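Encoded as structure tokens, the structure appears first; notes follow it.
Read-outs: derived from the displayed coordinates by stated rules, not from any lab. None of these values were measured; they are calculated from a predicted model. Neighbour counts are summed over all protein chains in view; Cβ atoms, including those assigned to glycine, are modelled from backbone coordinates with ideal geometry.
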């Protein structure tokens, strides 16, 4: 089974203006099925059909901090055992590192962190995040995940990655490594000194938006891979980071994961052959069940026709067939009565069967016979003898039932 990935589903990527952004700052909006363009709007973008939304927090809205947690606060997958206790510990550890009061900030720990040891913590303004989510919800969005625009590398041996974004006149240089996320504004008159990392590794990946490609080569003295802004925002979803933690955590996470998996199976191109195979299997099963039902109906119809033919052949005076077995039984009984033979419905035959099987202490106090039904009153045999009698009568073609202390026998 391929791993879950937002790219296998139809999603809408939305990045709002950062806190304290100037008036007129734009929202960025990217659809996962159209990665060559970024739509920008001054107002909150509208939701896109049934696509789920991923909120991308701009780099300028986040600060990154390295802390070492005491053991016991996290489980193996990085989830908090007690979110309130984790929050209190983080506030104590970060109190001297944060510029704002910890209570005013939303804190999110590194995804898939171990149970203890050093890990990254992201911080952003809580009120700004809450207002942003409220605006998206009011515009019809279903925010499934909150991802950072950039995140530090979690492995020290991972190569650094650099991006040059924006326009040539207002470019920003960003690079990430195991030491964090670093941002530099490129002045118009700058020749490159002091802007790029002091010692840029030879294996560092360099990306630039189309408007900054030439400037990137001038500053970094190496060729840069051109990457559209839409594609870069899409790449933000490739990390394990999800800032929706604590009070912003998605409720019913297990149901959400199950829903995501089901939606992936329904929409992911990689699962299209499996969906076709499943649909074909269902079609074959339905066709097989219909064929089996048709065969059963045909067999039942053949049996009914055979019984009707026996009735009409044996008793040709029958003009209308309604219930062939019952009509045949009545015809046989009438034929026996006309020939003077006792039938199973006659009192003589029923008493004969009862007398042959009744226990010695099972003589009834009264006998009543009405319309082929024999009623034996005050039948006081014990349970074992009564059951043996009923089984014997059943084997001779009679039905029995107990009505109070009376045994009722009928053909």
Net lengthening on full extension, residue 370/residue 50 (0.36 nm per residue, minus Cα-Cα): 107.9 nm
Segments 207-219, 132-144 sorted - mean Cβ within 10 Å per residue, highest first: 207-219, 132-144
Ordering of 118-130, 391-403 by burial proxy (mean other Cβ atoms within 10 Å per residue, highest first): 118-130, 391-403
Inter-site label distance for residue 142 and residue 85 at 7 Å from Cα along Cβ, in nm: 3.5 nm
P(r), alpha carbons of the stretch 342-410 - 5 Å bins starting at zero, rounded %: 3, 18, 34, 29, 13, 3, 0
Paramagnetic reach from residue 23 in the stretch 44-66 [backbone N under 20 Å; point 7 Å along Cα→Cβ]: 44
Equivalent ellipsoid semi-axes - Cα gyration tensor, the stretch 272-341, angstrom: 49, 9, 7
Estimated FRET transfer efficiency (residue 39, residue 295; beta-carbon r; R0 56 Å; 0.05): 0.40
Ranked list, fewest to most other Cβ atoms within 10 Å of each Cβ, for 23, 385: 23, 385
Extension gain, residue 231 back to residue 168 (0.36 nm per residue minus Cα-Cα distance, nm): 20.8 nm
Förster-model FRET efficiency, 41 Å R0, residue 384 and residue 326, C-beta, rounded to 0.05: 0.75
In nm, spacing of pseudo-spin labels at residue 304 and residue 317 (7 Å Cα→C-beta vector): 2.7 nm
